[in-house]
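Report on the structure given below.
The values are calculated or read from the model by the stated rules, or taken from the named source; none is laboratory data. Everything numeric here is computed off the predicted structure, so don't read it as measured data. FYI the Cβ positions are ideal-geometry reconstructions off the backbone, even for glycines, and counts take in every protein chain you see. Areas reflect the complete protein model, heavy atoms only, side chains present, ligands, DNA and RNA absent. Shrake-Rupley method; radii C 1.70, N 1.55, O 1.52, S 1.80 Å.
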Amino acid sequence: SLYTNFTMKLAVIATLAAGASAFAPTAQVSRSTALNAKKAPAKLQYVPCISTDDLPAPGSATSGVAGGLAICIAVDEKGSVYALGDKCPPVNQPLSFGKVEGGSISDPVLGTKFDLKTGEVTSWCPSGLGKLIGGIFDPVGVPVYPVQAKGKTVNVQVDVNYKANFEADYWSGILDAQGKSNGKYY
């Protein structure tokens, strides 16, 4: 009985020591999957986004891609063309589905209005659902980009290194999601 009592106490002490060692400080090891690749400096240039034939009617918008970025091309009532980021805060639905009027474009779901020239919020989530969701988040605008028509193309000025710099923080290797070590599809 003395042996059993001693064995039981030893087992309890060993269990406590093993549990405590799991929380003991150890040498810090980097657990990041980032490559920490060297990033390229910003390089602003005009790149094609959409065809002039695809420009929407005044008072509406459409979507395009420029330099790997989702772009909303909006046309106001007077026919002026604007380029904004196409991800509408706070839940990132496409801004290009919004209505353009009075110098702003409105989020089609939550009703937030963004200034066409600055991208700043002029009215944050005023709809019923918007008040519920928007109350959780601070108002944040969308990026705006210079736009120009050249021939039959609408060009937008973006940082052509933005996408590569963003992706530099992610691992790409033999077992990446696309299956090839260079990140390309088969």
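With (1) open to solvent by 60 Å² or more (accessible area, probe 1.4 Å); (2) closer than 18 Å to VAL160 by Cα as the list, and GLY67 as the residue in question, which single condition is left unmet?
That leaves (1) as the condition not met.
Applying the selection to segment 51-64, what residues are open to solvent by less than 60 Å² (accessible area, probe 1.4 Å) and within 16 Å of VAL144 (Cα to Cα)?
Residues satisfying the conditions are ALA61, THR62, GLY64.
For segment 70-96, what are the residues that are crowded, with 24+ Cβ neighbours inside 10 Å, more than 19 Å from the chain's Cα centre (by Cα) and either at pLDDT below 95 or among the acidic types (Asp, Glu) (or both)?
Answer for segment 70-96, where residues must be crowded, with 24+ Cβ neighbours inside 10 Å, more than 19 Å from the chain's Cα centre (by Cα) and either at pLDDT below 95 or among the acidic types (Asp, Glu) (or both): there is none.
Give all pairs with beta carbons closer than 6 Å in which a residue from segment 95-122 that is on the phi > 0 side of the Ramachandran plot meets a residue that is in a strand (DSSP E or B); count only pairs at least 6 apart in sequence or on separate chains.
Every condition considered, the pairs that remain are GLY119/LEU84; GLY119/VAL144.
Within segment 97-124, how many residues are closer than 17 Å to TYR145 by Cα and either modelled with pLDDT under 95 or open to solvent by 20 Å² or more (accessible area, probe 1.4 Å) (or both)?
The qualifying residues number 6.
Which of the residues spanning segment 126-139 are more than 19 Å from the chain's Cα centre (by Cα) and open to solvent by less than 20 Å² (accessible area, probe 1.4 Å)?
Applying the first criterion (more than 19 Å from the chain's Cα centre (by Cα)) to segment 126-139 yields 126-132, 135.
Selection gives GLY130 alone.
So which residues in segment 140-165 are within 18 Å of the chain's Cα centre (by Cα) and part of a loop (DSSP other than H, G, I, E, B), if there are any at all? Write out each step before concluding.
In the first step, residues of segment 140-165 are kept if they are within 18 Å of the chain's Cα centre (by Cα); the result is 140-145, 158-165.
Answer for segment 140-165, where residues must be within 18 Å of the chain's Cα centre (by Cα) and part of a loop (DSSP other than H, G, I, E, B): VAL140, GLY141, VAL142, PRO143, VAL160, ASN161.
Taking segment 57-79 on its own, how many of its residues are in contact with a Leu (Cβ under 8 Å, 6 or more places away or on another chain), more than 27 Å from PHE137 (Cα to Cα) and not acidic (Asp, Glu)?
Quick first cut of segment 57-79, residues in contact with a Leu (Cβ under 8 Å, 6 or more places away or on another chain) only: 61-62, 71-76.
Retained after the next criterion (residues that are more than 27 Å from PHE137 (Cα to Cα)): 75-76.
Of the ones still in play, those that are also not acidic (Asp, Glu) are 75.
Of the residues in that region, 1 qualify.
Checking GLN148 against (1) without any contact (Cβ under 8 Å) to a residue 24 or more places away in the chain; (2) in contact with a strand residue (DSSP E or B) (Cβ under 8 Å, 6 or more places away or on another chain), which test does it fail?
Result: GLN148 passes all but (1).
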